[in-house]
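A short write-up of the structure that comes next.
The values are calculated or read from the model by the stated rules, or taken from the named source; none is laboratory data. Just so it is clear, the model here is predicted, and its values are computed rather than measured. FYI the Cβ positions are ideal-geometry reconstructions off the backbone, even for glycines, and counts take in every protein chain you see. Accessible surface areas use protein heavy atoms only, side chains included; no ligands, DNA or RNA. Shrake-Rupley method; radii C 1.70, N 1.55, O 1.52, S 1.80 Å.
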Amino acid sequence: MWLNSSEPLSMKGVAAVRIVVGLLLIVHGSQLFNSEEMLSYQPWLTDLNVPLPLFSAYVGKGVEFIGGLCFILGIWIRAASVFLMATFVFITVVMGGSKIFTDGQHPFLFFLFSLLFFFVGDSGYGVKRLWSQWY
């Protein structure tokens with residue numbers, strides 16, 4: 001039974017949280033495939049004087065989508081985390097006005113999760129582990 005297992009539960013728990021965060025990132029990043037939603041970011045980013053506003057929106061959503069895939073699969077976690085941290089710092093500070101306790105709380109929490117996974121890595125549970133067990 002898992003309660004009596006000698007293997008620590010902490011890494012399994014970290015992997016479960018990583019996968020759920022990855023799913024949430026994919027949901028947010030899937031706006032990448034909806035041109036109307038993406039066009040809605042352009043005026044907002046233009047007002048914030050962001051260079052290449054539409055391209056920047058696509059890059060941000062692409063990072064969210066690909067980062068989410070990496071988190072779910074447990075591959076390139078640290079590299080994905082670096083890009084996600086940069087994206088969510090930008091969203092929190094530039095787009096959200098650094099309001100981490102109100103309007104900017106959501107992207108700030110994604111930043112914190114990305115920071116956590118930068119330090120923890122894949123926690124031993126991911127595609128690499130499955131691959132090594134099969135081959």
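Summed over qualifying helices (DSSP H, 4 residues or more, each -39500 (n - 2.57)) and divided by its residue number, the chain shows a 222 nm mean residue ellipticity of -22500 deg cm²/dmol. Note: relative contact order over the chain, using C-alpha pairs below 8 Å and six or more positions apart, is 27 percent. Each peptide in 112-118, 68-74 was scored by the mean count of other Cβ atoms within 10 Å over its residues; highest first, the order is 68-74, 112-118. Accessible-area rank, largest first, for I77, I91: I91, I77, with all protein chains present and a 1.4 angstrom probe.
Among G13, G96, G121, determine the one that fluctuates most according to a GNM of the chain built with springs between C-alpha atoms less than 10 Å apart. Greatest mean-square fluctuation among the candidates belongs to G13. Figure note: D122, D47 ranked by solvent-accessible area, largest first, 1.4 Å probe, ligands and nucleic acids not counted: D47, D122.
Indicate the helices, whole DSSP H runs only, in the chain that combine a mean Kyte-Doolittle hydropathy of 1.6 or more with a Cα extent along their long axis of 15 angstrom or more. Correct list, ordered by number: 9-29, 77-90, 105-120.
A crude spin-label estimate for the pair F118 and S10, with each label 7 Å from Cα along the Cβ direction, gives 2.1 nm. With a Förster radius of 22 Å applied to the beta-carbon distance between L69 and N49, the computed FRET efficiency rounds to 0.10. Considering only S40, S123, S30, the Gaussian network model of the chain with Cα springs below 10 Å gives its largest mean-square fluctuation to S40.
Surface exposure of the chain, expressed per residue as accessible area with a 1.4 Å probe, stands at 62 Å². Neighbours of T92 by Cβ distance under 10 Å: Lys/Arg scored +1, Asp/Glu scored -1, total 0. With kT/(6 pi eta Rh) evaluated at 37 °C and eta = 0.692 mPa s, and Rh the Kirkwood radius from Cα pairs, the chain diffuses with a coefficient of 207 µm²/s according to Stokes-Einstein.
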